[in-house]
Amino acid sequence: MSTWTLAIIAVTCAVYLFYTSYVSPFKLFSKSGIKGPPPTLIVGNLSEFRKGLHDSLVNNRQKYGKVFGTFLGTQPMLWIGDVDILKIIMVKEFHQFPDREALIKKLPYPFKHSVLFTSGEDWKRIRSILTATFSASKLKQIFYIVESACNRCVEKLEALSENEEIADMKVIYGNLTMEVIAASAFGVQLENDPRASKLINYANKIFDTAPTIQFILVLMPSFQPFLRFFLRERQESTTYIANTVKGIIRERRESLKNGTRCNRDLLQLMIEASEDGKMSDDEIVGQAYIFLIAGYETTANTLTYATYLLANHPEVQDKLYKEIDKTYQDKGVIDYESVSELQYLDMVLSETLRIYPPAHAVNRGVSKDVTINGVKLLKSVPVGIPIYGIHHDPDYWPNPEQFRPERFTPEEKQARNPSCYMPFGMGPRNCIGMRLALIEAKLALAKVVKAVEFSAIDKTEIPLKLKAGGTLSPANPVYVGIKKRL
Ligand code: HEM
């Protein structure tokens, strides 16, 4: 064969490979009549998403309707903002869509063991152990952890007010939720365990991975080995946390054998639930790790958003303060029971989570081709669930940008399709930590609003700029005025 022939074959193969890898995948949606933003070669719709996935999905819904297709790199995603179809996918026909699609393939340890990413029988087994662990009665046993972290947060806010200082509320609440996760999932309490502050430092580092690196990981998973240098701090932190938690599990198992009393926390509940070999130590570490990833920033952001909204809506803050104060007058304390009975607090928090859902988008894998309400779902094209987009859809929420806790009165809730509110997802694969997150956010808000008054100041960013990475977060520090109540 001549050199020319070889060259022509090589070029043809290269063109063919390029076409099948980077051109033909982008025809997928147009072939089935599904609209969507035009993808760019190789990166798909990535450049549009980088400006803010939450906003871009709202814009696409306006342009293309409630069902549209996008590409992250060449990975297609069929976005569905029609809540009746979603109810079928997430609840009624859950058995057909039980798993979520991990966009980063080849998940590292201990991620791969976590309930967030396991599938099939493994997911069912782990989820059922965790369902018992997060039951109302079990959470009551660990309420003391939440209470002491909230008290420390109030002390910090009072000190700031006395010194006429301000601080980024994301940092204040981040300390609170990190303390709760460290104590409940990793078994280390700030006040009596010297390992706690080191572990918290390492845990914080996990959230420092630059967004560009995260995008490259999603877009080109095979680049993961080349990014080791940039991911080394994250890896070091993960190893430290995993080893520490494994050490604590060993200590706890010893104590269980000797009949010594251990702290009541999520880690202990998981250890006890897995005594008969239902969950391995690696799996327990995987769950503790995912509680950190899923529970720290989401809950801290919720509290930050609520504080921001209260500072900008003094009439809502006043009404909330009066409700909390009355409970203090009547019961002398805000405890596990009374905090759940505060109806206006629940409405304020619900409206906060509607406007700013920290988990702004989730997905479900599709196991076989199926048509639902006229929409064709294709095997291996995951369904994207644009939670932020649904919460801001004027068809479901009139004047969606307006903060109005009254949307959550029993009457208004009754009159609405319940599926259009899903900050914690929906169906059997919804957020397992919802109860913990709500009790934590409610107790923290009740305690801080009782102690201090928030107000908008010159340094308060209005409107609040958001960034949508793993979670929906304020893009910049969130400053508000803090005045101690007399
Ligand atoms: C305000 C705080 C939180 C929000 C808004 C939130 C939201 C969500 C959402 C939307 C999902 C996906 C649900 C679905 O796909 O239908 C999820 C899953 C999950 N969340 Fe949360 N979450 C919060 C706090 C927590 C906390 C505190 C924990 C644990 C301590 C936690 C642990 C998890 C886990 C393990 C999953 C995966 C469940 C599974 O796949 O079976 N989350 N969360």
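The values are calculated or read from the model by the stated rules, or taken from the named source; none is laboratory data. Predicted model only: the values in this text are computed from it and were never measured. Positions of Cβ are generated from backbone atoms using ideal geometry, with glycine treated the same way; all protein chains shown enter the neighbour counts.
Quick notes
- Filter result (under 15 Å from the mean Cα position of the chain (by Cα), over 16 Å from F68 (Cα atoms) and not hydroxyl-bearing (S, T, Y)) within segment 352-392: L353, R354, I355, P357, P358, A359, H360
- Annotation: of all residues in segment 409-435 being of a type in the set (A, V, I, L, M, F, W, C) and within 12 Å of the ligand (Cβ to nearest atom), the one that is surrounded by the fewest Cβ atoms within 10 Å (Cβ to Cβ) is M434.
- Residue match in segment 436-451 (condition: more than 16 Å from the ligand (Cβ to nearest atom) and closer than 23 Å to M90 by Cα): no
- Summed over segment 251-276, residues that are in a loop (DSSP other than H, G, I, E, B) and closer than 15 Å to R127 by Cα total 1.
- Where a residue in segment 285-314 is more than 16 Å from H360 (Cα to Cα) and its partner, wherever it lies, is near the ligand (Cβ under 8 Å from one of its atoms) and not aliphatic (A, V, I, L, M), with Cβ under 7 Å and at least six apart: G286/S114; Q287/S114; Y289/S114; I290/S114; F291/G433
Each row is one residue, and each column tells you yes or no for (1) out of contact with any Asp or Glu (no Cβ under 6 Å at 6 or more places or on another chain); (2) within 16 Å of the ligand (Cβ to nearest atom).
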{"position": "Q317", "(1), (2)": "yes, no"}
{"position": "Y328", "(1), (2)": "yes, no"}
{"position": "K331", "(1), (2)": "yes, no"}
{"position": "E341", "(1), (2)": "yes, no"}
{"position": "E351", "(1), (2)": "yes, yes"}
{"position": "V370", "(1), (2)": "yes, no"}
{"position": "N373", "(1), (2)": "yes, no"}
{"position": "L378", "(1), (2)": "no, no"}
{"position": "P382", "(1), (2)": "no, yes"}
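- If you go through segment 76-100 and keep only what is more than 11 Å from the ligand (Cβ to nearest atom) and within 22 Å of N45 (Cβ to Cβ), you end up with P76, M77, L78, W79, I80, G81, D82, I85.
- Failed criterion for V339 (all others in (1) touching a Leu at 6+ places or on another chain (Cβ under 7 Å); (2) farther than 16 Å from A451 by Cα hold): (2)
- Top-ranked residue of segment 105-122 - restricted to ones that are out of contact with any Lys or Arg (no Cβ under 8 Å at 6 or more places or on another chain) and among the hydrophobic types (A, V, I, L, M, F, W, C), ranked as farthest from the ligand (Cβ to nearest atom): L107
- For segment 150-165, the criterion of being crowded, with 20+ Cβ neighbours inside 10 Å and within 14 Å of the ligand (Cβ to nearest atom) is met by none of the residues.
- Residue, nearest to K170 (Cα to Cα), within segment 271-289, restricted to residues that are hydrophobic (A, V, I, L, M, F, W, C) and at pLDDT 90 or above: A288
- Only one entry of G247, G259 meets the criterion of being at positive phi, at pLDDT 75 or above and exposed (fewer than 13 other Cβ atoms within 10 Å of the Cβ), and that entry is G259.
- Checked across segment 36-48, the condition of being at pLDDT 90 or above, in a helix (DSSP H, G or I) and under 26 Å from the mean Cα position of the chain (by Cα) holds for no residue.
- Any chance N175 is within 19 Å of the chain's Cα centre (by Cα) and either within 30 Å of L46 (Cα to Cα) or assigned to a loop (DSSP other than H, G, I, E, B) (or both): no
- Just one of (1) touching a residue at least 60 places away in the same chain (Cβ under 8 Å); (2) under 27 Å from A441 (Cβ atoms); (3) part of a helix (DSSP H, G or I) fails for E323. It is (1).
- Qualifying residue in segment 256-276 (condition: within 30 Å of L157 (Cβ to Cβ) and away from the ligand (no atom under 16 Å from the Cβ)): yes
- The condition (being part of a helix (DSSP H, G or I), out of contact with any Cys (no Cβ under 8 Å at 6 or more places or on another chain) and either among the hydroxyl-bearing types (S, T, Y) or surrounded by fewer than 18 Cβ atoms within 10 Å (Cβ to Cβ) (or both)) is satisfied by just one residue among T371, T302: T302.
- Considering each residue of segment 117-133 in turn, at least one proves to be assigned to a helix (DSSP H, G or I), modelled with pLDDT under 90 and not β-branched (V, I, T).
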